[in-house]
Each structure stands twice: as structure tokens, then as C-alpha cells.
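One structure below.
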Amino acid sequence: MDLTEDDVLEILNLIEKSSFDFLQLQMGDLKLVVSKQGYMGSAALATSNDSAPSTDAPASGQPAAKASVAEAKSESATAQAKPKAPVAPKGTLPITAPMVGTFYITPEPGAPPFVEVGSHIDEDTTVGLVEVMKVFTAVKSGVRGVVAEICVQSGQFVEYGQTLFFVKPEDNR
């Protein structure tokens, strides 16, 4: 049995919502390690698809798994500093990340952004994409209004619930 990208995304979603802090799963050559302990308190992912099994891991596998996750997190942490939670401007509502992943404000490189500060949006407007393992999920605004602030940069790692935009709401017409 092989894990599909959908299976991995479902595992990440379940771990994110659960009280578990750590999961290690090995199926054949695939090794999946998920830990909530570390980078900004969100699930971190390290995978390996090596054909040779690891021989330096203890029987429980946890110390080696935590080390590999720590290495992945330290590389991410050096690439970008931990962002501060933005302060909501008065009278605005946040649009938050629906999942952990990489945020993109354009549909493809070189394309114009989905929205900019001052853009009028409705509840179904796509404001960006979050990518996890080459699977892109559209971020819908969920609110009618005007984009007041963009809180993250395109290509930035975001965590579940992180504020992406602030929107000044409009009355429903």
C-alpha cells in the first residue's frame, strides 16, 4: 500500500486537530515524520524516500525522527525569522490560512496577484493559494469588503490560522 498526497494531507490535518504531538510512519521506503513541537507551534513535516533503511535509529525511532525534524526546522528557521502576529487595524476582519503550507498571492510566477490592497472582494473571492507537497488549495476570502492589509509575502511559509489579510467589511447588498 502506497501513501498518496491526499493521504499525507489527511494525516497532517488529523494530527493538527488532535492532541498528539508526534507521529512517525514508515511504509516500505517512505518515512513520514510529523511533529507539532517546534517551528511556530505548527506541524512540521520531514519525509524520506531513501531506498536504504536507516540503521542508526534506535528501536523506538523517536530520537532519530526528532533530529531529522529538528534539522528541517532549523533550515526553515534560518531562511526566515518567526513572524510576529499582526495587529488588526480597527474595524477590520482577518482572512486566515486554512492549513500549514507555502502561501502564494499569484496563480503562477509572473502573473498579477489575486488581490491587492484596495481590492474589492466578496465571500467567494480567491485571495491566494496554499501549497503543501505540490498540492495547491485556494484560499477564499469568506468576507465581503476591501483588502486593507496584506500580512504575508508570496512564497512565505504560513501556519494554520495565521492571518494572511485584513479586510474592511462592507454591508451585504
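Can you pull out the residues in segment 147-159 that are more than 22 Å from P107 (Cβ to Cβ) and either of a type in the set (F, W, Y) or under 13 Å from the mean Cα position of the chain (by Cα) (or both)? Break it down stepwise before answering.
So the first thing to find is which residues in segment 147-159 are more than 22 Å from P107 (Cβ to Cβ), and the list is 148, 159.
Listed by number, the list holds a single entry, E159.
Got at least one residue in segment 148-158 being of a type outside the set (G, A, S), assigned to a helix (DSSP H, G or I), closer than 30 Å to V34 by Cβ and modelled with pLDDT under 95? Outline the logic, then answer.
Here is the first cut: in segment 148-158, the residues of a type outside the set (G, A, S) are 149-153, 156-158.
Remaining after also requiring assigned to a helix (DSSP H, G or I): none.
Within segment 148-158, none of the residues are of a type outside the set (G, A, S), assigned to a helix (DSSP H, G or I), closer than 30 Å to V34 by Cβ and modelled with pLDDT under 95.
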Anything in segment 145-165 that is open to solvent by less than 40 Å² (accessible area, probe 1.4 Å), touching a Phe, Trp or Tyr at 6+ places or on another chain (Cβ under 8 Å) and more than 23 Å from N13 (Cα to Cα)? List them, or say none. V147, C151
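Could you list, in sequence order, all residues of segment 4-58 that are among the basic types (K, R), at pLDDT 70 or above and within 27 Å of Q162 (Cα to Cα)?
Just the residues of segment 4-58 that are among the basic types (K, R), to begin with: 17, 31, 36.
Narrowing the set further to residues that are at pLDDT 70 or above leaves 17, 31.
Of everything in segment 4-58, just one residue is among the basic types (K, R), at pLDDT 70 or above and within 27 Å of Q162 (Cα to Cα), namely K17.
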I'd like to verify a number: residues in segment 90-126 that are of a type in the set (A, V, I, L, M) and part of a strand (DSSP E or B), how many? 3
Flag if D124 is out of contact with any strand residue (DSSP E or B) (no Cβ under 7 Å at 6 or more places or on another chain) and over 20 Å from T102 (Cβ atoms): no
Between residues in segment 151-173 that are closer than 15 Å to P113 by Cα and residues that are of a type outside the set (A, V, I, L, M) and open to solvent by 30 Å² or more (accessible area, probe 1.4 Å), which pairs lie under 6 Å by C-beta distance while being six or more apart or on different chains? C151/P86; S154/Y104; L164/C151
Output the number of residues of segment 103-127 satisfying the condition of being open to solvent by less than 50 Å² (accessible area, probe 1.4 Å), closer than 17 Å to V143 by Cα and within 22 Å of the chain's Cα centre (by Cα). 4
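Tell me whether segment 128-144 contains one or more residues that are in a strand (DSSP E or B), farther than 27 Å from E5 by Cβ, touching a residue at least 24 places away in the same chain (Cβ under 8 Å) and open to solvent by 20 Å² or more (accessible area, probe 1.4 Å). Break it down into steps so the answer makes sense when it comes.
Residues of segment 128-144 that are in a strand (DSSP E or B), as a first pass: 128-132, 135-140.
The next check asks that each one be farther than 27 Å from E5 by Cβ; those that pass are none.
No, because not a single residue in segment 128-144 is in a strand (DSSP E or B), farther than 27 Å from E5 by Cβ, touching a residue at least 24 places away in the same chain (Cβ under 8 Å) and open to solvent by 20 Å² or more (accessible area, probe 1.4 Å).
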Residue tally, condition of a type in the set (G, A, S) and more than 18 Å from V158 (Cβ to Cβ), over segment 86-126: 5
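The values are calculated or read from the model by the stated rules, or taken from the named source; none is laboratory data. Predicted model, so just to flag it, every value in this text is computed and none were measured. Cβ sites come from the backbone with ideal geometry, for glycine too, and all protein chains shown count toward neighbours. Ligands, DNA and RNA are excluded from the accessible area calculation, which covers all protein heavy atoms including side chains. Shrake-Rupley method; radii C 1.70, N 1.55, O 1.52, S 1.80 Å.
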